[in-house]
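One structure is given here, and the rest of the page talks about it.
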Amino acid sequence: MIVRRSPRSALLAGVFLSAFNFAAVAEGTPASPPAAAPAPAPSPAASAAPAPAPVTAAASPSPLPPGSPMIGRPDNEAALKLAPVAPPPLPAAADKLPVGKLKLAQGFNIEVYASGMANARSLALGDKGTVFVGSRLVDKVYAIVNKDGKREVKVLASGLYRPNGVAFHDGTLYIAELSKVSKIEHVEDVLDNPPKPTVIYDQLPRDEAHGWKFIAIGPDNKLYVPVGQPGNNVLHDKDHGQIRRINLDGTGAEVVAYGVRNTVGFDWNPETRQLYFTDNGRDWLSEDVPEDELNRVGKVGEHFGAPYCWQGNLPDPEFGWGKSCSDYTAPVGLMGPHSASLGMRFYTGSMFPKSFKNAIIVARHGSWNRSRKFGGDVQVVHLDKDGKVKSMETLITGFLVDNSYIGRPVDVLQMKDGSILVSDDWNGAVYRITYGKQKMAARQ
């Protein structure tokens, strides 16, 4: 029997959501910057141009801007129907969230943890229980706090540019924007009057394509920051397609992994302390390949194939000539074609069944580069004794209905009690997942 819970979340106070552009937004797709944020220099294709001359013949299509997800789209009827999926322009009201439509594995429950946060993305947990929430399409970082037994959402920082990544360590919140990383010290003590974030590292490329960052702090007390490829499938330079790590003061940058197309989630195996990361495969090769990858870093400097080889065994038809997939580190598991596997965490809590111990919980945002969409769920990945994928099972499904999205999971976060949170940027909400018989919620 599938158990579901969907009580309305507490009313959210003090949240001001600015308008933003959703013209072309999906995982892997650039969008226009928020009005309040400093934007990178415009590309030539986006610059103002003189008025066009009178048309005397069939007009040529406008050139696509650098990094556009439409570059490389095949000229056939099915492919021409595909494009990134734009989310709703505003977060869903608490009573319109889709929790009642989601299906969970037997014994699990779901409830709204907080809502009203436009484009809620990456999650981080503070020592005092504050949940920090990044965003990709707006300029804000949010803080969810517990006050007088109720949850309240605060805007912690605004005027930022793609503040997707958040990480917490020793009282400090780290925020990753498109081209820099900042920090707010003693953040849980200044939630009501937070200072402007202090920049600690600004040596990141400014490319829009795959420019948003997921960040996390490893067992070595270093901050890990990915730099995706600056387009769907490109022969990039030495500063892209990698995962870097830096000291917590922004010094000592070094590359940990190469050949990474676009990772938006990683964590460390609690037993081996090895870094595992999801990586999104290229578009426009096929509807069914390549599959997204789950990778493991065994040693510093490994190369994971992009853009020469995909899913460990598929040479790229353009850049794979003269290359062998055997020259690169193969994934430990495959996550499905165009599934947009994003946030992931090893589960170390005790609330869930024993089989979940040290398994990986992965949010699959869902595909757009596929006629029949795939993903839009939360998976549990079980590893074998060698640290490779042994099996997968679905924890939450139902975000994808009749080939359309009613929600899109982005990140997962384990709470101190062993429950997990799941962010949903489509609805601007965070859900809480628990296991076992639940007490009836008290009347408000």
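List of remarks:
- So residue 342, is it open to solvent by 50 Å² or more (accessible area, probe 1.4 Å), assigned to a strand (DSSP E or B) and not polar (S, T, N, Q): no
- Residue match in region 158-172 (condition: more than 22 Å from the chain's Cα centre (by Cα) and of a type in the set (Lys, Arg)): no
- Any hit, region 232-245, residues being closer than 20 Å to residue 301 by Cβ, in contact (Cβ under 8 Å) with a residue 40 or more places away in the chain, small (Gly, Ala, Ser) and open to solvent by 50 Å² or more (accessible area, probe 1.4 Å): no
- If you go through region 303-318 and keep only what is farther than 19 Å from residue 214 by Cα, open to solvent by less than 30 Å² (accessible area, probe 1.4 Å) and out of contact with any Pro (no Cβ under 6 Å at 6 or more places or on another chain), you end up with 305, 307.
- Within the set 190, 199, 264, 255, the sole residue that is crowded, with 19+ Cβ neighbours inside 10 Å and either of a type outside the set (Asp, Glu) or over 30 Å from residue 359 (Cβ atoms) (or both) turns out to be 264.
- Test: residue in region 319-328 that is modelled with pLDDT of 95 or more, within 25 Å of the chain's Cα centre (by Cα) and open to solvent by 50 Å² or more (accessible area, probe 1.4 Å): no
- Restricting region 122-150 to residues that are over 26 Å from residue 365 (Cβ atoms) and without any contact (Cβ under 8 Å) to a residue 60 or more places away in the chain, the residue that is surrounded by the most Cβ atoms within 10 Å (Cβ to Cβ): 145
- Restricting attention to region 359-400, the residues being touching a residue at least 60 places away in the same chain (Cβ under 8 Å), within 21 Å of residue 104 (Cα to Cα) and surrounded by fewer than 16 Cβ atoms within 10 Å (Cβ to Cβ) number 2.
- Any hit, region 79-101, residues being in a strand (DSSP E or B) and either open to solvent by 20 Å² or more (accessible area, probe 1.4 Å) or among the β-branched types (Val, Ile, Thr) (or both): no
- Test result for residue 153, part of a strand (DSSP E or B), open to solvent by less than 10 Å² (accessible area, probe 1.4 Å) and in contact with a helix residue (DSSP H, G or I) (Cβ under 7 Å, 6 or more places away or on another chain): no
- A single entry from 225, 260 fulfils the requirement of being at pLDDT 95 or above, of a type in the set (A, V, I, L, M) and part of a strand (DSSP E or B): 225.
- Residue in region 179-187 that is surrounded by 23 or more Cβ atoms within 10 Å (Cβ to Cβ) and within 20 Å of the chain's Cα centre (by Cα) present: yes
- The lone exception for residue 419 - which of (1) of a type in the set (Gly, Ala, Ser); (2) within 22 Å of residue 127 (Cα to Cα); (3) open to solvent by 40 Å² or more (accessible area, probe 1.4 Å) it fails: (3)
The values are calculated or read from the model by the stated rules, or taken from the named source; none is laboratory data. Keep in mind the model is a prediction, meaning the values are calculated, not measured. No Cβ is skipped: glycine too gets one built from the backbone with ideal geometry, and neighbour counts run over all protein chains shown. Protein only, heavy atoms only, side chains kept; ligands, DNA and RNA dropped before computing areas. Shrake-Rupley method; radii C 1.70, N 1.55, O 1.52, S 1.80 Å.
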